């Protein structure tokens, strides 16, 4: 009886220590989170008071932007088309290059380990370098215009798509693939009749999502000389043509929203 | 006909999974393998398909000894051997007829089939195989929409499209309800007789073995415990296979 009571008392003491430890750990985590947030505020030199005192400057720009200058709408059609086509070009190039790389970079179907590491390296490198840097790099090679923008998006998309494609292939159900292998089908037949139909809807969905992302990126690339509506927006801002800027922002809004809705609708159909 | 002689298999951890295993399955015969978990049933099938490499023994499929073949010669010889598993393993987004016709891919290697096409003749033949398994009206349906029993029958039709001499079935009814399980076993028995197939099925359901098998093989600790016609199968011999499993 006495031994049992002592044992229960020891267990209770351990439980108290455990609870105290858990509370201390939570407090430490909360304190750590607050410290991280404070250092971020210091590093970005956050000055909310400047934002408040300068709000009339922003209001002035908005006032000068109104109403949008719709007389220049015709001039926005070609740059808008360029922006969409740069994204389309980049996505198509990205998909074409990403598919074979993803097959090599998927651990469950890769030809061999050397090919796996080379493919993973290429995918990692193209993804790590931002599309803006790729654009500056290609501008030095082929000059200003939409072409370097398309190339930049294409190369960067290889990295983004390659990784997602490879993960999709790695997570696919391998049972149908093994079943096909046992029928005597060759590797290429197993790929086209087993792997492709299994992962194709996912790959198309990812590609459409990438196209949607690339349209946004294509706008930004225009600021570094890759043409399109981004370049026109930069020019209008530099010339203080704020009514044209507001028209261009409306066009950008329509393009981005349309791309997003169309991409989402197509992805839903594929699901 | 399938003949296995002195087949042994050892896992990388040193455990002997199969030891000097012999079995024969004649054309038109349905042989059921019974045994507890970890007794070596699935290992036996995986060695026969050469998914696992045995350490010794022979696996005769007609005139070819699968145990000594590699690469393309193994692939070609193995085409006479079809396997259905517990899960139907169909390409869910492809149609039922397409899934069935892919069973014939080993016989048709050309640019069209390499690019994802299927021979029109095989797609037409798929209708016949689906008719054999009672699913002719589902040919155009997506495989992912089928019930478990229907999917398993499509897997059998795909195996038939392979035109095998031997059909291996690894717990083909394990995930089916009792009625669907009976249907699949009835189908396997009928196909064994009508197509002159040698059928070797691993089962956990002893009653199905009593009902459908021509012969029953018992396996325990990787060794053959008995090989007997169904009529001579004793309940005691079957019970001995599972002794100690519950513990």
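The values are calculated or read from the model by the stated rules, or taken from the named source; none is laboratory data. Everything numeric in this text was worked out from a predicted model, so none of it was measured. No Cβ is skipped: glycine too gets one built from the backbone with ideal geometry, and neighbour counts run over all protein chains shown.
Restricted to the stretch A:183-246, the set of helices (runs of 4 or more DSSP H) holding at least 3 residues that are within 14 Å of another protein chain (Cβ to nearest Cβ) and touching a helix residue (DSSP H, G or I) at 6+ places or on another chain (Cβ under 8 Å) comprises A:187-190, A:196-221.
Are any residues in the stretch B:93-113 in contact with a strand residue (DSSP E or B) (Cβ under 7 Å, 6 or more places away or on another chain) and assigned to a loop (DSSP other than H, G, I, E, B), and if so, which ones?
Residue satisfying the conditions is B:93 alone.
Step by step: first the residues of the stretch B:49-79, then only those that are within 11 Å of chain A (Cβ to nearest Cβ) and either touching a residue at least 40 places away in the same chain (Cβ under 8 Å) or not in a loop (DSSP other than H, G, I, E, B) (or both), then the one that is farthest from residue B:200 (Cα to Cα). Which residue is that?
Per the stated criteria, the residue is B:72.
Quick one: is residue A:111 without any contact (Cβ under 8 Å) to a residue 24 or more places away in the chain and either outside the structural domain of residue A:218 (by TED's automatic domain parsing) or closer than 30 Å to residue B:108 by Cα (or both)?
yes
Is it the case that residue A:178 is in a helix (DSSP H, G or I) and surrounded by 23 or more Cβ atoms within 10 Å (Cβ to Cβ)? No: the conditions fail for residue A:178.
Picking from residues in the stretch B:195-210 that are in contact (Cβ under 8 Å) with a residue 24 or more places away in the chain and out of contact with any strand residue (DSSP E or B) (no Cβ under 6 Å at 6 or more places or on another chain), the one that is farthest from residue B:234 (Cα to Cα) is B:195.
When residues of the stretch B:126-147 are filtered for being within 14 Å of chain A (Cβ to nearest Cβ) and buried (at least 16 other Cβ atoms within 10 Å of the Cβ), how many remain?
Residues that pass the stated criteria total 5.
Hey, can you tell me all the residues within the stretch B:28-48 that are more than 14 Å from every other protein chain (Cβ to nearest Cβ) and not in a loop (DSSP other than H, G, I, E, B)? Selection gives B:30, B:31, B:32, B:33, B:34, B:41, B:43, B:44. Of the residues making up the stretch B:92-103, those that are under 14 Å from residue B:157 (Cα atoms) and either facing chain A (nearest Cβ under 8 Å) or over 20 Å from the mean Cα position of the chain (by Cα) (or both) number 5. Those strands (runs of 3 or more DSSP E) of the stretch B:176-230 in which at least 1 residues are under 16 Å from the mean Cα position of the chain (by Cα), considering only elements entirely within it, cover B:198-202, B:215-220. Name the residue, out of A:150, A:124, A:143, that is farther than 30 Å from residue B:161 by Cα and out of contact with any helix residue (DSSP H, G or I) (no Cβ under 9 Å at 6 or more places or on another chain). Checking each option against the conditions leaves just A:143.
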